[in-house]
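The values are calculated or read from the model by the stated rules, or taken from the named source; none is laboratory data. All values reported here derive from a predicted model rather than from experimental measurement. Note that we place each Cβ from the backbone using ideal geometry, even for glycine, and neighbour counts take in every protein chain shown.
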Amino acid sequence: MIKNEFLDEEQIRKTVSIIRSGYTQTDLFEIRIFGGRGGKSTVGYFKSVDLMIENLKRQNLKGKSVYITLNEIKDECYSRNAGDRFLDGEIATADKDIYARRWLLVDLDPERSSGISATDEQVAKAKQRAQEVYSYLEQQGFSEPLIGFSGNGYHLLYSVKLAHTKENDELVSNFLNALDILFTDDFIKIDKANKNSSRICKLYGTLAQKGRNTETNPHRMSRIVYTPKRFVPVDVEYIKQVTKVIPQPDKPQKYNNFNGEKFDLVAWMQKHGLHYRVASASDGTKYILDHCPFDESHKGKDAMIFQGNNGAIGFHCFHDSCSDKTWRDVRVLFEPDAYERKWQQQEQQMYGHYNRDRQIKPPPEPMVETPDNPIWYTPMDVFNLPKEEVHYIKTGYDGIDKKLYGLKKKAISVLTGLRSAGKSTWLDGLILNAIQDGNTVGCYSGELDEKNFMRWLIRQAAGRSGVEAGRYEGQWNVPYRNQKAISEWLQGKFYLYNNHHGNNYEQIREQIKKKINEDKLDLMVIDNLMALDIGDLSYQQLDAQKKFVLSLKTIAVESEVHILFVAHPRKTVSFLRLEDISGSGDLANAVDNAFLIHRNNEDFKLRSKEMFKWGDDHVAYSGTNVIEVAKDRESGTQDWFIPLWYEAETKRLKNSLAENILYGWRTDAEHEADGFMDLPEDSDPVFE
């Protein structure tokens, strides 16, 4: 094979093979060449890579740029004059010629004078910015992209499955606008022009030849930098999640002190002592803060406030712990009454870990009546009693935390569900979310040995960006380095009972009390009642269960902890209700909270419609699973159904399709270690 200075055949074949592997209806692709006389492009439609390369080698490519269409072209375009050959000035692919979007292109290009190649320094900056975008989208739940070098900048090519619709065109446009807000500056820009479905991309394996080939601005061969082992299409919900960065202007309302004039953001920041530097943005102005207002350790370019030309204001911090903060949160931080939002103060009171250094109190002495401590209260006695502080543990499940505020300290809960309904999956999420919120958790798992229990817990903690696709379809593994990092993060925050010490409840109860006192546990999970030997509590099974629940309540109150235990339902149950918990009715009566978990299958739909007269559009049917608040003693809530979405890769039950919780083990340093330039190449990708 004669070496061609303008082409790398191996790279070209690899590029076409990967791009077409995402297609479902045709093998057709278009190659377009720019740089001819009169500004006209040269167009060719091909189905054979060999024929395309043969024709391409006949072209005079000096000073020209070669591109390929990314998305799936309608097969009828093959009948154009440029079918199986290159012709100057022929009709090129338009948006109306596209079947569907198969690729989402993020193009990072250095800002420079037009008509010249980038310098080595500019290429290095583009590489660094591509790393930042790659890491950010990884955090948002995006699967691994193909990473390409265009000769001057870097590309991130994500596999997608999007119908060619006006709504999806707008979605992609908003997605690129959001990345532009976050990452464009005076040196590197996100190319927002890649929003249209007929977008073309550099044909990797061809020479980038802008301007003259000089020592400072050289021509470079484009290439594929990294190919993931498996291309997993990015779910549309994750793309939508990124677009939420785009700020929306406040509507004129009295509650937000809107005065009908443009909000003077600069004056507001100066008034409240926020120091910043101004950075470029395509549709407004970015203010890079010296440090994040929520955490002063987040410095440099970690946090920013941006204002669009329409007056809309947004805020973003790239650290996981602040990623959910918005401009409203920033304003309320400095002006608590700006939106008349009292939830933050209430939240601090409810979830504040006031009792980190508490001492466990001994059981109270028998009450002796005194003027200040009567046996019987009058209404005014009760009115004048000091208000007891109430503290809750966030579950991380929005429907529960918003309705019940979470799991109340000094209380007990029961969870039940039919086989394979998701009890263990839900519990693992609860444990991780409680730890993420600063709580310490203990767990007795009588049915799973320690290795299996930790294997599933670690997989949930790993998240989408912490697992790797296995050799077989549907197989997902957590790399050793991530297993170790997660275990180190859980150290001192989570304790698992060693089943080799038996299942006698009397003995385990003492160990539970001891562990709670020694390590000041906030949450204790017992999975499950049937795995415990409670025979010592009574000769009668039902009486033993009642004593079991009452003993848990005593521990919860004395130790200021929440205890949640699992109880199986009766085997004959079809549509699960609270009274179907196996055992004594006193069990359900004694608990403060009762949760039922359901799979959203046809039986659940049929039975729930019969009982509650729901329509097909009821919110409970929107998820894959449902967690039901069957009882909450404090608020009186019952029959409260909350949809959840199961994610196979991580074994998580999520609040929404786009949710992607990043637990504390994912430090910024760990993200830096994931640098995409260090990843090995794989020329044999697999598509899903």
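If only residues of the stretch 496-555 that are modelled with pLDDT under 85 and touching a His at 6+ places or on another chain (Cβ under 9 Å) are counted, the one that is nearest to Ser445 (Cα to Cα) is Asn528. Note on the stretch 106-146: residues that are of a type in the set (A, V, I, L, M), part of a loop (DSSP other than H, G, I, E, B) and surrounded by fewer than 22 Cβ atoms within 10 Å (Cβ to Cβ) amount to 1. Among the residues of the stretch 262-311, those that are touching a His at 6+ places or on another chain (Cβ under 7 Å) and outside any strand (DSSP E or B) comprise Asp290, Asp302. When Phe86, Phe6, Phe34 are checked against the criterion of being aromatic (Phe, Trp, Tyr), buried (at least 16 other Cβ atoms within 10 Å of the Cβ) and over 18 Å from Phe149 (Cα atoms), Phe86 stands alone in meeting it.
Considering (1) over 28 Å from the mean Cα position of the chain (by Cα); (2) hydroxyl-bearing (Ser, Thr, Tyr); (3) part of a strand (DSSP E or B), the lone condition that Tyr78 does not fulfil carries the number (3). Being farther than 22 Å from Arg666 by Cα, assigned by TED's automatic domain parsing to the domain that holds Arg102 and modelled with pLDDT under 95: is that true of Gly141 here? The answer is no for Gly141.
Can you report the number of residues in the stretch 376-414 which are assigned to a helix (DSSP H, G or I) and either among the polar types (S, T, N, Q) or in contact (Cβ under 8 Å) with a residue 40 or more places away in the chain (or both)?
5
Annotation note: Cβ proximity below 7 Å between a residue of the stretch 600-621 that is under 17 Å from Ile642 (Cβ atoms) and a residue that is hydroxyl-bearing (Ser, Thr, Tyr) (sequence gap 6+ or interchain) occurs for Asn600/Tyr621; Asn600/Thr624; Lys605/Tyr621; Trp614/Ser608; Ala620/Ser608. Does Arg102 satisfy the criteria of being of a type in the set (Lys, Arg) and within 23 Å of Ile190 (Cα to Cα)? Yes: the conditions hold for Arg102.
When we screen Tyr78, Tyr67, Tyr45 for residues that are closer than 21 Å to Arg220 by Cα, touching an Asp or Glu at 6+ places or on another chain (Cβ under 9 Å) and assigned by TED's automatic domain parsing to the domain that holds Leu156, the only hit is Tyr67. Determine, yes or no, whether Lys47 is closer than 20 Å to Ser150 by Cβ and under 44 Å from the mean Cα position of the chain (by Cα). Here the answer is no, as Lys47 does not meet what is asked. Counting residues in the stretch 164-177 that are part of a loop (DSSP other than H, G, I, E, B) and modelled with pLDDT under 95 gives one or more.
You will find that of Gly446, Gly492, the residue that is over 18 Å from Lys654 (Cβ atoms) and modelled with pLDDT under 90 is Gly446 and no other.
Please determine, by comparing only the residues of the stretch 467-494 that are of a type outside the set (Gly, Ala, Ser) and in contact with an Asp or Glu (Cβ under 7 Å, 6 or more places away or on another chain), which one is surrounded by the most Cβ atoms within 10 Å (Cβ to Cβ).
Applying the filter and picking the extreme gives Val467.
With respect to (1) touching a Gly at 6+ places or on another chain (Cβ under 8 Å); (2) surrounded by fewer than 14 Cβ atoms within 10 Å (Cβ to Cβ); (3) of a type in the set (Lys, Arg), the lone exception for Arg102 is condition (2).
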